[in-house]
Amino acid sequence: MKLATIKPRLPVAGKAARAPAPPKRIAGRRGQERRKRIWLKDPHCANCGKLVAMHEFELDHRIPLHQGGPDTDDNCQVLCAGIGGCHDLKTRAEGGYRTRR
Ligand SMILES: [Zn+2]
């Protein structure tokens with residue numbers, strides 16, 4: 001038996017090229033996609049150079065958002081996850097999310 005690919009039968013309007021985004025949770029889903037995309041470009045920690053698996057890194061903003069960094073792919077990098085990992089250390093060095101008001 002062959003699994004047929006079901007083509008969407010929605011009308012293809014000019015601006016309908018993007019999937020309709022649900023009003024909630026856009027950041028989560030798009031964040032996951034971006035995470036994967038950036039990791040696929042270079043699956044190494046930008047700080048220590050370690051090769052990290054998909055579940056072993058955190059996406060970091062080179063210039064933190066709270067310092068005016070853009071929320072773009074170019075401003076994102078792969079860093080080791082976990083306590084004491086490169087992302088954790090960088091976040092702390094930057095003053096973290098919590099200590100700054
Ligand atoms: Zn690292």
Cross-chain or 6+ apart pairs with Cβ under 7 Å, the stretch 62-86 first and over 20 Å from residue 40 (Cβ atoms), then away from the ligand (no atom under 16 Å from the Cβ) and assigned to a helix (DSSP H, G or I): 63/75; 69/75
Total residues in the stretch 39-84, condition closer than 19 Å to residue 95 by Cα, assigned to a loop (DSSP other than H, G, I, E, B), open to solvent by less than 60 Å² (accessible area, probe 1.4 Å) and touching a strand residue (DSSP E or B) at 6+ places or on another chain (Cβ under 7 Å): 2
Residue match in the stretch 41-58 (condition: within 14 Å of the ligand (Cβ to nearest atom) and either modelled with pLDDT under 85 or under 9 Å from the mean Cα position of the chain (by Cα) (or both)): yes
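The values are calculated or read from the model by the stated rules, or taken from the named source; none is laboratory data. Keep in mind that this is a model prediction, so the values were computed, not measured. Positions of Cβ are backbone-derived with ideal geometry, glycine not excepted, and every protein chain shown enters the neighbour counts. Areas reflect the complete protein model, heavy atoms only, side chains present, ligands, DNA and RNA absent. Shrake-Rupley method; radii C 1.70, N 1.55, O 1.52, S 1.80 Å.
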